[in-house]
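Report on the following structure.
The values are calculated or read from the model by the stated rules, or taken from the named source; none is laboratory data. What you see is a predicted model; the values in this text were computed from it and never measured. Cβ: placed from backbone, ideal geometry, glycine included. Neighbour counts: every protein chain shown.
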Amino acid sequence: MIRFRCTSCDREYHLPDALARMPLLCKGCGTRLDVPEPTPEPTPEPPPAHSFPDPTGTVDLFPESDDVRTRGPVAKDVPDPADSVDLFPRAYSEPPPIEMPTPAAPARRGLRVVVDGAVGVLLAVVGALLGGLATQKGTVEVLREAGGAAKFPTTDLLVWLGCVAAPVMGYVLFVNRGRSIGVWVSSRMASRGRKTPG
């Protein structure tokens, strides 16, 4: 780093070494400046040499004042048994029993699947009827035109499929959340089974 001052206005400059011997103008007064050669940076003094102990000498890592062998056991070195904490007590108390919810009986699950399947088929039939109304054609006619069309799928087929799929897919969302008619029927049957005549 080159450090110098303008001879006219005494402005200080710090320039990289690559700008040595380049003609520059002073920003303060506009005088032409000749950048001097870089001066070598003073080298820092080396740190003082450390004096290491003689490797033949011995160092006592444990002074005699701390040597247990020479002073004998001290009462404060031995822990008091009354102060210690028993981490593993001998008498264990039984944990309270955990009540697990009883799963639905397999017959009730089967009933749920049958009821939800029947509702899905019913919704598909209703969707097919709505699709026929939306396309103003019967289901058979829509499917026949789609099979013989040059461009597949036809617009009528897409409208008909949308009418069939929308209610079925909506019901599938209810089934996945456990809010279907099959769950309701199964819970009603379970509550009737729990009631005792009396």
Original post:
Does Val140 fit the bill of being hydrophobic (A, V, I, L, M, F, W, C) and surrounded by 12 or more Cβ atoms within 10 Å (Cβ to Cβ)?
Top reply: no
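Please go through region 31-64 and pick out each residue that is of a type in the set (S, T, N, Q), closer than 18 Å to Ile2 by Cα and either at pLDDT below 65 or surrounded by 10 or more Cβ atoms within 10 Å (Cβ to Cβ) (or both).
To start, the set of residues in region 31-64 that are of a type in the set (S, T, N, Q) comprises 31, 39, 43, 51, 56, 58.
Narrowing the set further to residues that are closer than 18 Å to Ile2 by Cα leaves 39, 43.
Residue satisfying the conditions is Thr39 alone.
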Subject >> Filtered residue count, region 147-171, keeping only those that are over 28 Å from Asp116 (Cα atoms), of a type outside the set (D, E, K, R) and surrounded by fewer than 17 Cβ atoms within 10 Å (Cβ to Cβ) >> reply: 7
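Taking region 172-198, which residues are of a type in the set (Gly, Ala, Ser), exposed (fewer than 12 other Cβ atoms within 10 Å of the Cβ) and not in a loop (DSSP other than H, G, I, E, B)?
Ser191, Gly193
Suppose we filter region 122-157 for residues that are assigned to a helix (DSSP H, G or I) and of a type in the set (D, E, K, R); how many remain?
To start, the set of residues in region 122-157 that are assigned to a helix (DSSP H, G or I) comprises 122-135, 139-148, 155-157.
The next check asks that each one be of a type in the set (D, E, K, R); those that pass are 141, 144-145, 156.
Looking only at that region, the number is 4.
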